[in-house]
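Notes for the one structure printed next.
Since every read-out is calculated from the coordinates, none of them should be taken as a lab result. Keep in mind that what you see is a predicted model, and the values were worked out from it rather than measured. All Cβ positions, glycine included, derive from the backbone under ideal geometry; neighbour counts span all protein chains shown.
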Amino acid sequence: MSFKKSDYLSSVLETHRMTHIESLVDKFKIKRTEIKEKLEQNYEDKIYSPFNSGSWKKHTAINSKFDLDIVVPFKRNSFSTITDMFDDLYDFLKEEYRGVAEVRPQKVSVGIRFYTDDDGDIVEIDVVPGRELSKDDYPETSRLNLNINTYDGNYIQTNIEAQIENIKGKSDARQIIRLLKIWKQQKSRDVKSFFMELIVIKAFDNKLITGNLWNKLKTVLEYISDEITRENFTLKDPGNSNNDIADTLGWYQKQSLKNDFDYILSDVDKKDENLKKHFKENENFKEEEDKSGSGGYRVGDTSKAIIPPSNHFG
Amino acid sequence: MSSVVNEELGLKIDYDENVINQLTEIALKHYPNEIGGFILGKYAEENKKAIIIECVVATNYKNSPISFKHKVDYETKEFFVRKFNEDNLHYIGEWHTHPDSNSRYSSTDFNALQRVANNNTSNIENPILLILGFSKKGLNDYSFYVIEKNKISKYG
């Protein structure tokens with residue numbers, strides 16, 4: 001039987017779906033709820049309601065590596081500096097989870113990594129604190145200043161809700177984002193998922209991307225390869241157009257990414273099956289996938305939601 | 001759990017009778033107009049069985065005693081994505097009511113199923129159709145249909 005690139009990519013996506021690890025996800029959700037409750041009890045009227053963010057919220061999560069994110073919007077007067085806010089949150093979580101989890105400061109979040117449970121599972125939750133720009137501004141604008149842990153003590157202004165909104169309704173782009181996240185995780189490439197997300201969405205905004213899953217991936221890879229090393233290439237943060245996410249990668253990293261994608265394209269061009277070298281199925285869930293053989297109800301690409309057309313009945 | 005079988009195609013549907021009761025209640029609330037929406041579920045047994053998990057009412061629609069039109073808008077698309085990603089539920093078909101009538105499909109219904117099956121982006125070739133015929137007094141009957149190669153056939 002001939003190798004079909006699109007069917008194979010669908011299987012890569014299918015075997016990386018979060019629904020294969022529902023019981024683990026449930027553990028994450030329970031912890032997330034618990035953390036939110038602790039934060040609300042501790043900070044009371046210093047914060048607005050914490051909300052979910054990250055790949056789970058954006059529907060771009062993959063089961064081979066994921067965490068859940070909570071954003072905590074602090075009020076303007078809660079702390080005198082953004083660093084104080086971050087440090088207080090870190091101290092609180094560290095104390096609260098002493099003996100049950102490793103709590104560590106990360107670039108913009110506080111990471112909570114619970115110790116391995118009886119099933120051998122590890123739950124990881126990132127808590128992202130942000131402070132509103134001026135008193136009572138957050139309910140109106142959703143804007144937050146996030147702490148960035150660098151030596152010069154920087155912070156960044158953004159709008160996480162706008163970032164989540166930016167990816168809504170873009171189910172084709174989400175498929176490609178998930179494929180590139182799988183690729184970067186399998187190849188251990190140091191590229192932020194947010195960078196991948198924005199560059200794929202930009203490709204969809206600038207190119208006519210149609211056809212099957214392989215056609216779409218190919219067009220996106222070509223776009224990235226053509227554009228990423230251009231001097232004037234930018235990726236505007238949908239949460240604040242002054243932030244250029246393209247700057248998060250240096251020249252060398254951009255060139256490496258271009259080389260990687262050029263190699264994938266030329267390698268697959270030589271032989272279709274070479275695609276398997278670059279995007280691997282999740283072997284843990286492959287058997288399950290193989291069970292759904294042919295016959296019966298015919299459904300095309302099961303790796304994404306089926307969206308019916310508008311319709312008229314009588 | 002109840003089952004209906006389409007012998008001709010070797011296809012089966014599992015569903016909970018409570019779903020039918022709930023839809024009848026919804027039908028009566030909208031009387032004398034038609035109402036409808038989407039069937040969500042899963043496939044099993046090498047795709048030979050469809051399991052109905054829930055039926056939802058379309059949120060963006062226009063209806064009358066002889067017509068039901070829904071619009072798959074941005075919110076509805078996001079709903080399908082969320083149901084798929086979080087609950088592993090697929091869109092598997094459509095349901096609607098026939099007030100003061102029976103559950104036989106109309107030519108409009110046939111065209112509607114064809115539209116789903118032939119739509120490139122909907123990605124489903126055998127959508128299920130559930131029709132509930134009812135009057136003010138309650139449910140008259142209900143039937144499940146499926147389309148296969150431009151032909152509708154009934155279960156049970």
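Here are the numbers:
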quantity: 0 to 90° range, to nearest 10: angle between helix A:5-15 axis and chain A longest Cα axis; calculated: 40 degrees
quantity: As computed over segment A:101-197, the Cα convex hull volume per residue (Å³); calculated: 159 Å³
quantity: Nearest-0.05 FRET efficiency for A:D26 and A:K270, computed from C-beta distance (R0 45 Å); calculated: 0.55
quantity: Computed E for A:A162/B:R104 - FRET, C-beta separation, R0 51 angstrom, nearest 0.05; calculated: 0.55
quantity: Mean-position separation - Cα centroids, segment A:95-166 and segment B:1-47, in angstrom; calculated: 44 Å
quantity: Which of A:L144, B:L132, B:L89 has the fewest Cβ neighbours within 10 Å, and the rest in rising order; calculated: B:L89, B:L132, A:L144
quantity: Sequence of A:D237, B:D16 once ranked by neighbouring C-beta atoms within 10 Å, starting from the fewest; calculated: B:D16, A:D237
quantity: Computed E for B:D141/A:K236 - FRET, C-beta separation, R0 56 angstrom, nearest 0.05; calculated: 0.45
quantity: Cα-based convex hull, segment B:1-40, per residue volume (Å³, whole number); calculated: 92 Å³
quantity: Average other protein chain Cβ within 10 Å of Cβ, residues B:88-98; calculated: 3
quantity: Descending semi-axes in whole angstrom, ellipsoid equivalent of segment A:152-192, from the Cα gyration tensor; calculated: 24, 20, 4
quantity: Cα gyration tensor category, rounded, prolate or oblate, for chain B with a/c compared to 1.5; calculated: rounded
quantity: Globularity ratio of segment A:19-159, using Cα Rg and 2.2 N^0.38 Å; calculated: 1.05
quantity: Note, ³J(HN,Hα) from phi for segment A:104-111, Karplus 6.51, -1.76, 1.60, rounded to Hz, x at Gly and Pro; calculated: 9, x, 10, 4, 10, 10, 9, x
quantity: Three principal axis lengths of segment A:8-101 [C-alpha, angstrom, descending]; calculated: 53, 29, 19
quantity: Whole-angstrom Cα spans of segment B:81-156 along principal axes, big to small; calculated: 39, 30, 21
quantity: Sorted by Cβ neighbour density within 10 Å, fewest at the top, the residues A:F66, A:F51; calculated: A:F51, A:F66
quantity: Cβ-placed point charges (K, R +1; D, E -1), dipole of segment B:61-156 about Cα centre in debye, nearest 20; calculated: 300 debye
quantity: Residue with peak Gaussian network fluctuation, chain B [Cα springs, cutoff 10 Å], from B:E78, B:E54, B:E25; calculated: B:E78
quantity: Convex hull (Cα only) mean projected area of segment A:142-225, reported in nm² to one decimal; calculated: 6.9 nm²
quantity: Karplus-derived HN-Hα couplings along segment B:61-66 (A = 6.51, B = -1.76, C = 1.60, θ = phi - 60°), whole Hz, x at Gly and Pro; calculated: 8, 10, 9, 8, x, 10
quantity: Rg and Dmax [Cα atoms of segment A:162-285; Å; Rg one decimal, Dmax integer]; calculated: 14.3, 43
quantity: Sequence-distant residues sharing a close amide H with A:I47 (under 5 Å, placed H); calculated: A:K75
quantity: A:Y155 long-range amide H proximity, modeled H, under 5 Å; calculated: A:I148
quantity: Stokes-Einstein D for the protein assembly as shown, Kirkwood Rh over Cα pairs, 20 °C, 1.002 mPa s (µm²/s); calculated: 87 µm²/s
quantity: Averaged over A:179-191, number of beta-carbon atoms from partner chains that fall within 10 Å; calculated: 0
